[in-house]
Structure formats: structure tokens, C-alpha cells
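Peer 1: This is the structure, below, for whatever I ask next.
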Amino acid sequence: MSPQKLKKTLQKELRAKRNNTRRSVLVSGLLLISLLAGGGYLLWTERRPAVLLQQGIRLEQQNALGKALNRYQQLFENYATSAEAANALYRSGRILQHDLGEDQRALLSYLRLEKNYPQSVFVDRAQQQAAELTKYRLGDCDQAIPIYQRLLEQTKQTADRYLYEIGDCYVRQENWSQAAIEFETLLGSYPQSALSALVSYRLADALLLNDQRKKARTSFERVINNYPQNTLAQEARFRLAEMLEEDERLKEALRAYSALTAYPRQDLLKQKILRLKERMARKKKVL
């Protein structure tokens, strides 16, 4: 091969080598960009729930509640498996209940949280809100009772209050016998409860309404003896006087009414005494 041809061959091989090097660098660069982009997307996806949650909290603080709700809904709809989803559901329920007055949607958020995130720290609070919302705002004791029962199974710290709420639900349903059972259970299981005086009185009332007059009288007397300084002791004395009147023991009833000098509703008491005296006078004339 002549020197000239050899030179051309070497130049051709050098150009080919340079082109291969450029292609290799380009491919490597594209691969690196792709990897970086993919990693950035994954990082963005992982951080997105926390970003949406913080945006929602800031919007709440600015009283932009509709926008805050929108962020929370984006979070639990698009990132249901994230650690922030349960918090977003709880905050959504709270906005819907307390700020927007959309009780049914709020209840749905609380129940959805309870069902989908049973281990979340927000479950207990969501159940409490759901129970109170269902009972006091929606007036649905049939639905409230099982929610209170689930709360009762999960915690002993406020079990007496949940038992009381269940008993009160049965009172609202006029299921006096079951209400009495719930109140008796509360008193037996939590004798030191701060609710004991109230529960004792309501137990007596439920027994009376269930036509268990003897047990009701005993329960009213227990209120008087165990909680003499409580205003409910005076209410219990008043109810015992009414029972005497209903049993036609009119003289005893009059003495019982007249002894209620500390009764807080004196106008009602005076009316009771006046009517009882008129009744006694009419009965005396008949005799």
C-alpha cells in the first residue's frame, strides 16, 4: 500500500473511532438524563402527599376552606396508600361537619377513615365525631349506637361516657328496659365515674317509665342518700313526691312537696302544691 493510501485509511479509521466515541457519550448522557428524570419523578411522587397535606393545613389557617378541602380530597383520592391519607380524611370530615354543615359527607369521611385505615391514630377521633354527628346532628340513634359500641371496645379510658351515650340513645328511642340495663352496667363497672349521680337519676327515671315503680323508688332514694349535695337529689325528692301523689297518698305527697324548700324550680313546686290542695279539697267534699 502506498504511503498516500495508508494515510487515507488511517484518517478514515480515526474519524470512525471519533464518531463511535461521540455516539457512546451521547447514549450515556441520554441514559443518565433518563435515570435522573425517573428518580426525580419518584421523589416528587413520594413527597406529593406531604406537600398536599401542608398546603391544605395552610389554606385552613387562612380560612380558605374550600381550597383546603380540595387539597385533602386530591390527597386521599390519588395517594390512598400514603401515610397522610387518613389525616386528610379526618380534616375533610371536620371541615364538612363544623364549617360547611355538610353532615352526611362529613360522616362518610369519618366512616371511610375507620374502614380503610383501622390502625391510624385518627380513627378514635373520627369515630367520636361520627358518633356525636350521627346522634346529635342527624338524630339517628340506630346508627350511633354501634359506633359508640366500637369505641367502647377500643378504649377503657372514657368507657363510662360511651356507655352513658348508649343508654341515652335507648332513652331517646323510648326503649326504657335497655336504657336501664346500660345505666346499671355503667354504675356497676365504673362506680367512681363522674357521671354516677346523673346516671343513678336517669336509671331511676328509666325504671319508672318502664313501670318498675318499686325499683325506681329505691333508685331515687339512692340518689338522695349517695349524692345529697347534688341538685339531682332535690329532683329525686320531687319525683318521689309525684309518685306518692300518683299512688293517691295525697297527704304524704303534700308533706313531701312542702319539705322541698331547696328545690330549684319553686314556681313549679308552688303549682304542684296548689293543685294538690285543690284536689284534696274536692276529694274531701265528695266524702
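Peer 1: Suppose we filter 244, 232, 274, 268 for residues that are more than 27 Å from residue 192 (Cβ to Cβ) and surrounded by 13 or more Cβ atoms within 10 Å (Cβ to Cβ); which single one remains?
Peer 2: On the way: 232 fails: more than 27 Å from residue 192 (Cβ to Cβ); 274 fails: surrounded by 13 or more Cβ atoms within 10 Å (Cβ to Cβ); 268 fails: surrounded by 13 or more Cβ atoms within 10 Å (Cβ to Cβ).
Just a single option satisfies the conditions, and that option is 244.
Peer 1: Among what's in segment 108-140 and is closer than 11 Å to residue 89 by Cβ and not in a helix (DSSP H, G or I), pick the residue that is nearest to the chain's Cα centre (by Cα).
Peer 2: 122
Peer 1: What number of residues within segment 277-287 are surrounded by 11 or more Cβ atoms within 10 Å (Cβ to Cβ) and not hydrophobic (A, V, I, L, M, F, W, C)? If you could, list the steps in order and put the result at the bottom.
Peer 2: The first filter runs over segment 277-287 and keeps only residues surrounded by 11 or more Cβ atoms within 10 Å (Cβ to Cβ), leaving 277, 279-280, 283.
Now narrow it down to the ones that are not hydrophobic (A, V, I, L, M, F, W, C): 277, 279, 283.
Total satisfying the criteria: 3.
Peer 1: Please go through segment 219-246 and pick out each residue that is in contact (Cβ under 8 Å) with a residue 12 or more places away in the chain and either polar (S, T, N, Q) or not in a helix (DSSP H, G or I) (or both).
Peer 2: Within segment 219-246, 219, 226, 227, 230, 231, 234 meet the criteria.
Peer 1: Please verify whether residue 117 is under 30 Å from residue 205 (Cα atoms) and of a type in the set (Phe, Trp, Tyr), treating the condition exactly as stated.
Peer 2: It is false that residue 117 is under 30 Å from residue 205 (Cα atoms) and of a type in the set (Phe, Trp, Tyr).
Peer 1: Look through segment 149-177, keep the residues that are more than 16 Å from residue 202 (Cβ to Cβ) and of a type in the set (Ser, Thr, Tyr), and return whichever of them is surrounded by the fewest Cβ atoms within 10 Å (Cβ to Cβ).
Peer 2: It comes out as 155.
Peer 1: Okay, next question. Which condition does residue 211 not pass, out of (1) at pLDDT 95 or above; (2) surrounded by 12 or more Cβ atoms within 10 Å (Cβ to Cβ); (3) in a loop (DSSP other than H, G, I, E, B), if it passes all the others?
Peer 2: (2)
Peer 1: Now a separate question. So residue 83 ticks every box in (1) under 30 Å from residue 146 (Cα atoms); (2) assigned to a helix (DSSP H, G or I) but one. Which box is left unticked?
Peer 2: Every listed condition holds for residue 83 apart from (2).
Peer 1: Another question about this same structure. Identify, from the list 59, 89, the residue that is assigned to a helix (DSSP H, G or I), within 29 Å of residue 135 (Cα to Cα) and either at pLDDT 95 or above or among the small types (Gly, Ala, Ser) (or both). Spell out how you get there, then give the answer.
Peer 2: Numbers: 59 fails: within 29 Å of residue 135 (Cα to Cα).
After ruling out the rest, the residue left standing is 89.
Peer 1: Further question on the same structure: Residues of segment 178-197 being assigned to a helix (DSSP H, G or I), surrounded by fewer than 18 Cβ atoms within 10 Å (Cβ to Cβ) and among the aliphatic types (A, V, I, L, M), which ones?
Peer 2: The one that is assigned to a helix (DSSP H, G or I), surrounded by fewer than 18 Cβ atoms within 10 Å (Cβ to Cβ) and among the aliphatic types (A, V, I, L, M): 181.
The values are calculated or read from the model by the stated rules, or taken from the named source; none is laboratory data. None of these values were measured; they are calculated from a predicted model. Cβ sites come from the backbone with ideal geometry, for glycine too, and all protein chains shown count toward neighbours.
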